[in-house]
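The values are calculated or read from the model by the stated rules, or taken from the named source; none is laboratory data. Everything numeric here is computed off the predicted structure, so don't read it as measured data. Cβ placement follows ideal geometry from the backbone for every residue including glycine, while neighbour counts extend to all protein chains displayed. Please note that ligands, DNA and RNA were not included when accessible areas were found on the heavy atoms of the full protein model with its side chains. Shrake-Rupley method; radii C 1.70, N 1.55, O 1.52, S 1.80 Å.
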Amino acid sequence: MVGAGQLARMTQQAAIALGQSIRVLAESEEDGAALVTPNAEFGDYRSLPDLRRFAASCDVVTFDHEHVPAEHIRALAEAGVTVLPGADALRYAQDKAAMRVRLTELGVPGPRWLDLSDAASADDTRRALVEFGREVGWPLVVKAITGGYDGRGVWVLDSIQDADPMLAAGTSLLAEELADIDFEVAAVVARSPFGQGASWPVVETVQVGGICTEVIAPAPRLPALLADQAESLALRLAAELDVVGILAVELFVTRSGRLLVNELAMRPHNSGHWTIEGSRTSQFEQHLRAVLDYPLGVTTQTAPVVVMANVLGGPDDTKPALDERVHHLMAKWPDVKIHLYGKGFRPGRKVGHVTALGHDLDTVRARARAAAEYLANGDRAEVDAHE
Ligand code: ADP
């Protein structure tokens, strides 16, 4: 796996049971997966020589993130390395403009959009954006075409003046209509080279300030018909785009009850972490099965309601210490499962997640939120996890 963050770390856990052991191309010894992988390789995912050196010891190369340059992925494939997903598929997770073009060709609904990267100058971009604003109305959304994550690289603009900093920075931009979002969901599926597909129930992803804080499986507010549509759409996209491994399709549900595709990810995804305990096959195991061309595992839920809450790091001086917080949490809610990524706590950083399972949505959700909140903020949290 190229990249050694929490996704690679959790993939390693799944690999162990399959009698496999993943190798990782890490940036530093502190990376979450480097901590749990013997003989981690260190290098730069943007360097072709580093990637070649790493790939020489792998049967299959896959990814923990989407930032490996496409030309390097192609060069590896041309040299005979099995890289999954391949560059042609991955492109639609790397380049938001390419994704919008392809989805529009496929007739897949999304917000109206305009690629601003072709404009010859900042003035031309500005004019094009003003024109687009006339068509779709303000506020509208502007996004960096490549490299964004967790809402970094996404801006809601009230007027053309708000675009000045982005235009001055010279970033390649895509403009989108501001979708009238009621709530957000994700359809996560897997596909093997053999062509087998498998999907999990569609989940609701609760976003706060561009960061996913909670995932609820199955999506409680999503009408069954839309859930079916989202699942079929994700399976169809996996096949059309020739994805191998996990495909996560992030969608908006609008107030008028439409589904709009927001973006695609081709790797285990935050909206699938709940599957570790909440499904018979986790997304990490499924990703491995897919890229190794094994038959896929069954995806039924292990409980009627599963809620995953991200632990977003609190301040450095959080009290009591992390070990004690874990201790209190385990004592208070022995059914809540804790996942820590081995990362330093920094405000807003995803440092772990918790999963709660049960029958009653409100109870399960409250428990997952309270547990994540306490792990992140300790005594500052508005929950008492002390027994
Ligand atoms: P990232 O690549 O950083 O995850 P996304 O494209 O997923 O960025 O956008 C992050 C969040 O910004 C979305 O989850 C959504 O809440 C909001 N957003 C993105 N695009 C739109 C849009 N066209 N209309 C309304 N909200 C949007």
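Could you tell me which residue of region 164-194 is nearest to Tyr294 (Cα to Cα), considering only residues that are touching a helix residue (DSSP H, G or I) at 6+ places or on another chain (Cβ under 8 Å) and polar (S, T, N, Q)? Within region 164-194, the match that is nearest to Tyr294 (Cα to Cα) is Ser192. Of the residues making up region 188-195, none is under 25 Å from Arg365 (Cβ atoms) and of a type in the set (Phe, Trp, Tyr).
Every condition in (1) within 30 Å of Leu226 (Cβ to Cβ); (2) more than 15 Å from the ligand (Cβ to nearest atom) is met by Ala144 except one, and the failing one is (2).
The condition of being assigned to a loop (DSSP other than H, G, I, E, B), more than 16 Å from the ligand (Cβ to nearest atom) and open to solvent by 60 Å² or more (accessible area, probe 1.4 Å) holds for Asp118. Every residue in region 71-112 that is of a type in the set (Asp, Glu) and either closer than 14 Å to Val2 by Cβ or buried (at least 18 other Cβ atoms within 10 Å of the Cβ) (or both), please. Selection gives Asp95 alone.
Residues that are surrounded by 14 or more Cβ atoms within 10 Å (Cβ to Cβ) and more than 16 Å from the ligand (Cβ to nearest atom): find the strands (runs of 3 or more DSSP E) completely inside region 154-246 holding 1 or more of those. Show your work before the answer.
Working: elements: 154-157, 173-177, 181-191, 197-199, 203-208, 211-217.
Of the strands (runs of 3 or more DSSP E) lying wholly inside region 154-246, those with at least 1 residues that are surrounded by 14 or more Cβ atoms within 10 Å (Cβ to Cβ) and more than 16 Å from the ligand (Cβ to nearest atom) span 181-191, 197-199, 211-217.
When region 247-297 is filtered for residues that are under 30 Å from Ala97 (Cβ atoms), among the small types (Gly, Ala, Ser) and open to solvent by 10 Å² or more (accessible area, probe 1.4 Å), the ones remaining, listed by number, are Ser256, Gly257. Annotation note: of Glu78, Glu176, Glu131, the sole residue that is under 25 Å from Leu241 (Cα atoms), acidic (Asp, Glu) and free of Cβ contacts under 8 Å to residues at least 12 places away in the same chain is Glu78.
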